[in-house]
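Enquirer: Got a structure for you, questions after.
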Amino acid sequence: MQGGTAVPAGAAAEELSAERDSVRSAPRRRVRRYLKHPRLRPYHRLVALVVLVNMVVALLVGPARLTAAVMSTLALANLVAAVVIRQQDIVNALFRLATGVPKAWPLSWRWAAAKVYHLGGIHVGAAISATCWLTAATVLSAAPAVSWALTAVVIALCVSAAPGLRERRHDWFENSHRFGGWIALALLSAVQVANLTGPDPGRLAWVQAGLTGVVIAVVALPWLRLRRVGVAVERVSAHAAIVTFDRALKIFPGSWMPVARHPLGQWHSFAHLPPLPGDARSRMVVSRAGDWTGDFIDDPPTRLWIRGIPTAGVAGVGSSFRHVVYLATGSGIGPILPHLIARRTPLRLIWITRAPRATYGDQLVDEVLAAEPGAVIWDTTVRGKPDTIALVRETVAACGAEAVICISNKPLTVEIVTALERSGIPVCGALWDS
């Protein structure tokens, strides 16, 4: 199944081409290629920036005034930044700001704004800085045993979140981050109570207590929104299932939400599909990608736990551009389908998947084609794997797109983002940083 692609005519196409060329000229230089290396993406730059800001603060405060109380306060300030930047309402607000910039702005500015999904780098940089400040405050003072225990737990949390370890043992990372985080908050609360009930608490002790309260409130908020809902699971194939909730959730194009069979068990996030015509109930697609999703498809539940609120994802940044190409592989069509239907910006779709109708069902494929009749649906069981980069380049050139949004597996996403950005084409793709 393959649709045609439309070519913008006249001045509009020339304007798009000229603006893309102005952005592409710089990446041809060697320095631009270095800056587009995966290790130098905005996510890592933000990590470095936050750490650098903390180093500057240390220099400005000066060694003489860096007491244990001051370092503890700086640790808590960083911890607040680390949890707030991940808070769902904050994430949604930042996405609205970033994607609401005028399309009359230069492409380079809108490209920079679309990198809003890299803000997880602030979380990592602040968490690293908080750990360093806390460790220094504990080591350089006569800290009680509870402070040493808190420091040990926080260091263990940082180690468990190391990218390689997190990817190899994601379930272990998730559980250690959740339960270890709760233990750390309990120990932190005990430290604050001890400080406030001491002989001379001081002003910083009250500041630290306030910052601790903010952290606890932000961490608790998604759990205060915990609820159990009924679901109907349609097993469309051995690889995928369509989940329909028993109610309408306050979703928006490209939003996602974590679900679990048990609130203290494994949580997995999936993008929302748009409701069917005449049916307000929310939906999502689950694809087999491990033990949990495999068990979900083979032994579907009738009820699920959901936590927090629908949250913006990377596919939503497409509205920052005048024309985009969405590239999806497999179940990556899930986060993209709402944007095809919403049609907030002109777009073209490339969907690379095996046996789309056999894998995802006629209904989902028909929804895709109804929303985007010109979609390129590449069936790998019939045509084999494509030269994806070449296919994307051809589609971008044919339709005059400003940017590419890639929803795929990690290796292909890194390959696509690196190759196209080095040639000056704005690309946005998932980061797998949680």
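Enquirer: In the list Arg166, Arg110, which residue meets the criterion of being surrounded by 16 or more Cβ atoms within 10 Å (Cβ to Cβ), within 24 Å of the chain's Cα centre (by Cα) and at pLDDT below 90? Explain how you work it out, then say what you get.
Expert: Values: Arg110 fails: at pLDDT below 90.
Only one candidate qualifies: Arg166.
Enquirer: With outside the structural domain of Ala371 (by TED's automatic domain parsing), closer than 28 Å to Tyr117 by Cβ and modelled with pLDDT under 90 as the only criterion, which of Ile242, Ile251 stands out?
Expert: Numbers: Ile242 fails: modelled with pLDDT under 90.
Sole residue among the options that is outside the structural domain of Ala371 (by TED's automatic domain parsing), closer than 28 Å to Tyr117 by Cβ and modelled with pLDDT under 90: Ile251.
Enquirer: Okay, next question. Can you name the condition, by its number, that Gly100 falls short on among (1) at pLDDT 55 or above; (2) within 30 Å of Ala370 (Cα to Cα); (3) surrounded by 12 or more Cβ atoms within 10 Å (Cβ to Cβ)?
Expert: (3) is the only condition that Gly100 fails.
Enquirer: Quick one: which residue in Val101, Val80, Val146 is within 23 Å of the chain's Cα centre (by Cα), more than 26 Å from Leu59 (Cα to Cα) and of a type outside the set (D, E, K, R)?
Expert: Val101
For every residue, the table says whether it meets (1) acidic (Asp, Glu); (2) more than 14 Å from Leu134 (Cβ to Cβ); (3) at pLDDT 95 or above.
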| position | (1), (2), (3) |
| --- | --- |
| Leu40 | no, yes, no |
| Ala68 | no, no, no |
| Leu76 | no, no, yes |
| Val83 | no, yes, yes |
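Enquirer: Please verify whether the stretch 114-134 includes one or more residues that are touching a strand residue (DSSP E or B) at 6+ places or on another chain (Cβ under 6 Å), in the same structural domain as Thr212 (by TED's automatic domain parsing) and more than 30 Å from Trp292 (Cα to Cα). Step through it out loud before you land on a result.
Expert: Of the stretch 114-134, the ones touching a strand residue (DSSP E or B) at 6+ places or on another chain (Cβ under 6 Å) are 114.
Subset that is in the same structural domain as Thr212 (by TED's automatic domain parsing): 114.
Filter once more, so that each one left must be more than 30 Å from Trp292 (Cα to Cα): 114.
Yes: the stretch 114-134 contains one or more residues that are touching a strand residue (DSSP E or B) at 6+ places or on another chain (Cβ under 6 Å), in the same structural domain as Thr212 (by TED's automatic domain parsing) and more than 30 Å from Trp292 (Cα to Cα).
Enquirer: Out of all the residues in the stretch 266-274, is one or more touching a residue at least 60 places away in the same chain (Cβ under 8 Å) and over 26 Å from Ala358 (Cα atoms)?
Expert: yes
Enquirer: May I ask you to list the residues in the stretch 405-434 that are free of Cβ contacts under 8 Å to residues at least 40 places away in the same chain and either small (Gly, Ala, Ser) or outside any strand (DSSP E or B) (or both)? Please lay out each step first, then the result.
Expert: Applying the first criterion (free of Cβ contacts under 8 Å to residues at least 40 places away in the same chain) to the stretch 405-434 yields 410-411, 413, 415, 419-420, 427.
Selection gives Lys410, Pro411, Thr413, Glu415, Ala419, Leu420.
Enquirer: A further question on this structure: If I filter the stretch 312-342 down to residues being surrounded by fewer than 24 Cβ atoms within 10 Å (Cβ to Cβ) and outside any helix (DSSP H, G or I), which single residue comes out as modelled with the lowest pLDDT?
Expert: Once the filter is applied, the top-ranked residue is Gly313.
Enquirer: May I ask you to say which residue of Arg96, Arg65, Arg86 is of a type in the set (Lys, Arg) and within 25 Å of Arg344 (Cβ to Cβ)?
Expert: Working: Arg65 fails: within 25 Å of Arg344 (Cβ to Cβ); Arg86 fails: within 25 Å of Arg344 (Cβ to Cβ).
The match here is Arg96.
The values are calculated or read from the model by the stated rules, or taken from the named source; none is laboratory data. Note that the structure is predicted; figures quoted are calculated from it, not measured. Glycine gets a Cβ as well: all are built from the backbone with ideal geometry, and neighbour counts include every protein chain shown.
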